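The values are calculated or read from the model by the stated rules, or taken from the named source; none is laboratory data. Quick caveat, the model's predicted, so the values are computed rather than measured. Cβ atoms come from the backbone with ideal geometry, glycine included; neighbour counts cover every protein chain shown.
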Amino acid sequence: MNDWVDKYNEIAYKFNKFGKSLKETGFHKEEQAVETFALMCIKLCMEDATAIALLLEKALYCEAMMILRSSLELLFKIHWVQEGDNHDEQNERTFRLESKPFSDFQDEVNYLKRSAGKDPVNDKEVVKLLQDAINKHKADYPNLVNSDGKFKTPPKNTIMAGDMICQKFYQVYRYLCIFTHPTPILRDFILSDDSGEKVFRESIEQTLSCGIFAYELIMGFCSNILTEYVPETHELRQKLYNEIKEMVNETK
């Protein structure tokens, strides 16, 4: 796996250089929500690729696969956001992504409300405190709330990914879910003396190759979003993207 360790370290290095080329750029988190999200994606990809390289080096393949799944989810999301027809629509899609955890939290609080008083754990005062916190967040961030007062939500992963990315990545994403949501199906992987390398080596390498392609696409989408900023480093960012694209061609 040493070659893959080197490749993912190289990916991390390129994302780090890309991010540093925009370091002095300050974005408004609402008016330039999509730019802020793109810059976050660059930093997160650098950290994820670094973590994957370290885990591969320690033969912690299961954990490396978990992180790669997260990177594929990021690909689906940044693809959907940058597909917006204009800057306002891209910002709106970013808000819908940002508000999703709060929508889920509201669903959980609604469940607690229904069971409050029946279950000693679900104290009515605690539930009220949780709902008050949600209401305050709605008041503080109206851009995350629909006209009906409910938090905005994005579509499902398959919709965000789009047809092309779904065809290339969704089966890999579902495979990686095995590692993120462990069941007994992982026993041969986890309990083997070599952490499943002999049994799963081919599938691991195919998945890692797919991961490099995902990182290429993420950098490309982010580059498109950020293309007008710090024009003096645009050539460097294009060079970094082309280098990752070449890595994809080499690993096919």
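Quick rundown of the values:
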read-out	value
Test result for F37, of a type in the set (F, W, Y) and surrounded by fewer than 23 Cβ atoms within 10 Å (Cβ to Cβ)	no
In the stretch 11-30, residue nearest to L208 (Cα to Cα) [restricted to those that are of a type in the set (D, E, K, R) and touching a residue at least 24 places away in the same chain (Cβ under 8 Å)]	K14
Checking Y13 against (1) under 25 Å from P142 (Cα atoms); (2) at pLDDT 95 or above; (3) of a type in the set (F, W, Y), the condition it does not meet	(1)
Tabulated pairs, the stretch 231-245, first of a type in the set (D, E, K, R), second assigned to a helix (DSSP H, G or I), C-beta under 6 angstrom, 6+ apart or interchain	R237/F18; R237/S223; K245/E216
Condition met for L55 (buried (at least 17 other Cβ atoms within 10 Å of the Cβ), at pLDDT 95 or above and not basic (K, R))	yes
3 or more residues modelled with pLDDT of 95 or more and basic (K, R): qualifying helices (runs of 4 or more DSSP H) within the stretch 83-188	87-115
Check on M40, without any contact (Cβ under 8 Å) to a residue 12 or more places away in the chain and assigned to a helix (DSSP H, G or I)	yes
Some residue of the stretch 61-80 being surrounded by fewer than 19 Cβ atoms within 10 Å (Cβ to Cβ), among the aliphatic types (A, V, I, L, M) and either on the phi > 0 side of the Ramachandran plot or over 13 Å from the mean Cα position of the chain (by Cα) (or both)	no
